[in-house]
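Step one of this worksheet: look at the structure below.
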Ligand code: NAD
Ligand code: USQ
């Protein structure tokens with residue numbers, strides 16, 4: 001298939017582009033490189049040293065003979081996007097290209113406005129571009145499990161059957177997102193659903209949980225292909241942060257009680273979920289929602305797992321309960337459904353001690369690159 005990977009320089013997009021290219025698809029990466037600018041703004045870095053996108057792609061071609069086309073530009077610029085679509089005529093458009101950090105979106109008014117404009121306008125442009133240029137193209141859009149929040153009932157995959165005053169309907173599942181970033185994903189979902197209903201577009205919203213890990217078979221083929229790994233208080237995510245904290249002898253930073261439960265998945269499953277979704281497109285007019293995670297853990301469970309594995313490596317980590325910088329429930333019911341991707345063939349990589357050790361060893365290898373002043377959280381929700 002001809003597949004565009006928007007956000008293909010990022011943590012999820014880069015390994016996805018390589019995987020799809022290796023599987024024989026004609027891959028085009030679109031990225032504005034803005035993620036690298038946010039590192040400069042925050043005076044932060046990826047734990048792993050990442051090469052320029054041009055060098056990464058050139059190395060991939062040398063190693064495999066496979067070409068990945070590249071367009072550097074911003075999805076918020078419609079003329080640019082329309083040109084990309086007209087020249088590449090994708091059958092699937094995988095959309096990772098958003099500002100994805102909840103803390104970044106909560107820094108102040110400017111960052112909240114930037115996040116929502118970048119994400120919502122970018123996705124609106126993709127919707128209009130597909131409608132205008134390639135109406136049959138399947139839009140595979142990265143959403144988030146955080147759209148649902150933490151309701152006191154089971155979380156369904158996108159829709160819930162409701163009986164009300166003797167009548168019944170299947171309606172979008174209620175959304176209670178926890179940050180300005182998570183809200184941007186809810187707005188995207190509404191816009192996508194409208195576009196499918198009114199214009200007959202085909203779209204799949206992948207409500208992804210927190211992704212951990214960094215390596216895939218392809219990124220391990222050469223040091224120039226290594227994936228980025230975030231650890232700072234703004235872009236680092238829970239499990240990856242704990243592993244890097246263990247590697248540098250920092251306390252493991254559980255926010256509040258640590259009973260916050262979320263869906264998690266290995267980056268190796270992210271790339272496979274995209275492949276499965278591309279191979280099984282939504283129908284014309286269908287707005288499909290898959291919950292993309294493989295296991296549920298509380299934050300405290302994860303910190304304990306990391307502490308135990310690190311101890312075996314001779315690292316003595318302490319778990320600390322910081323005052324929670326976020327406004328969120330620290331103890332709650334959580335059970336989310338995630339059968340649709342498994343029904344289509346996903347075989348999850350589960351969180352074993354070996355998987356933790358693999359990430360820990362990479363963290364130990366690069367630990368001198370950690371800027372320790374960036375580890376503690378500084379952004380608060382209040
Ligand atoms: P990332 O920040 O590493 O990558 C995003 C990429 O998109 C970057 O390379 C950035 O330069 C690019 N980008 C952003 N805005 C753009 C724009 N307007 N035009 C062109 N390029 C733009 O993020 P990630 O961790 O790879 O996440 C990818 C997607 O998956 C995001 O939509 C995110 O919300 C979603 N997601 C991520 C996680 C996770 O744990 N990382 C979990 C659930 C969902
Ligand atoms: N947390 C800690 N300690 C830390 C970091 C986080 O206890 O050092 C807690 C947070 O308070 C929160 C949970 O861990 O309760 C998850 O936080 P996170 O930073 O790992 O993830 P989150 O902000 O939810 O965002 C990440 C990605 C985002 C994606 C989301 C999936 O950055 O792009 O949408 O995971 S989900 O969580 O399912 O919404």
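Each reported figure results from applying straightforward, stated rules to the coordinates on display, with no laboratory input. Everything numeric in this text was worked out from a predicted model, so none of it was measured. Every residue, glycine among them, receives a Cβ derived from its backbone with ideal geometry; neighbour counts consider all protein chains shown.
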Exercise for the section: Quick one: compute a quarter of the convex hull surface over the Cα atoms of the chain and quote it in nm². Expected result: 18.3
Handout entry: Highest to lowest packing among 162-174, 293-305, 2-14, 44-56, scored as the average C-beta count within 10 Å
Key = 2-14, 293-305, 44-56, 162-174
Fill in the blank from the handout: Contour minus Cα-Cα span, residue 313 to residue 67, at 0.36 nm per residue, comes to 84.5 nm
Fill in the blank from the handout: Under the 7 Å Cα-to-Cβ spin-label approximation, residue 40 and residue 83 lie apart by a distance in nanometres of 2.2
Handout entry: Kirkwood-type radius of the stretch 257-382, with distances r between different C-alpha atoms, in Å
Key = 17.5
Completion exercise
Gyration tensor on Cα atoms of the stretch 65-213, a ≥ b ≥ c root eigenvalues, a/c under 1.5 rounded, else prolate if a/b beats b/c, else oblate, says oblate
Exercise for the section: With r as the distance between the Cβ atoms of residue 197 and residue 161 and R0 = 25 Å, compute the FRET efficiency 1/(1 + (r/R0)^6) and round to 0.05. Expected result: 0.85
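Counting alpha carbon pairs within less than 8 Å and at least 6 residues apart, what relative contact order, in whole percent, applies to the chain?
Relative contact order here is 20 percent.
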Fill in the blank from the handout: Between residue 353 and residue 373, the two model label points (7 Å from Cα along the beta-carbon direction) sit apart by a distance in nm of 3.9
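With a/c under 1.5 counting as rounded, go ahead and sort the stretch 305-367 into rounded, prolate or oblate using the C-alpha gyration tensor (a ≥ b ≥ c being the square roots of the eigenvalues; past the cut-off, prolate if a/b is larger than b/c, else oblate).
Verdict is oblate for the stretch 305-367.
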Practice task
Name the shape class, rounded, prolate or oblate, that the alpha-carbon gyration tensor gives for the stretch 9-84, where a ≥ b ≥ c are the square roots of its eigenvalues, rounded holds for a/c under 1.5, and otherwise prolate holds if a/b is larger than b/c and oblate otherwise.
Solution key: oblate
Fill in the blank from the handout: Per-residue ellipticity at 222 nm attributable to helices in the chain (runs of n ≥ 4 DSSP H, -39500 (n - 2.57) apiece, nearest 500 deg cm²/dmol) works out to -11000 deg cm²/dmol
Completion exercise
So residue 364 and residue 343, fully extended at 0.36 nm per residue minus their Cα-Cα distance, gain in nm 3.8 nm
